[in-house]
Amino acid sequence: MGLNTRRKFSDDDKIKILQEGSINGVPQTLRKYGIGQSLFYKWKRAFINGGITLLNDKSKNPELIRLQYENEKLKALIGEKEFELKIKDELLKKTLLRNQTRLN
């Protein structure tokens, strides 16, 4: 194939390649099919997030993409809040232990 020739993989081919990558290892599978690591992981993310329907680039729904982006932002925000609460709890415990030690 020439440098400007694009290969088209069917959804079944993509699933087969993803399965083979998990069994035989990603680098070996990438070499066998001549695809890039970024494309492999793009397919994997699409399959994990939306199953077979998202593997097909033409079926991407803009609303779904927006909601997924918003979901990721909210997950990050929740993670930050959980981290802050954990730190505050640890500081509170240390303060309480220090105050108990002083009283005894």
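The values are calculated or read from the model by the stated rules, or taken from the named source; none is laboratory data. For clarity, every value in this text was computed on a predicted model and none was experimentally measured. Glycine gets a Cβ as well: all are built from the backbone with ideal geometry, and neighbour counts include every protein chain shown.
Take residue 46 and decide whether it is modelled with pLDDT of 85 or more and among the small types (Gly, Ala, Ser).
Considered against the rule, which asks whether it is modelled with pLDDT of 85 or more and among the small types (Gly, Ala, Ser), residue 46 comes out as no.
Could you grab the pairs with beta carbons closer than 7 Å, sequence gap of 6+ or different chains, first residue in the stretch 68-85 and assigned to a helix (DSSP H, G or I), second one at pLDDT below 90?
These pairs meet every condition: 68/49.
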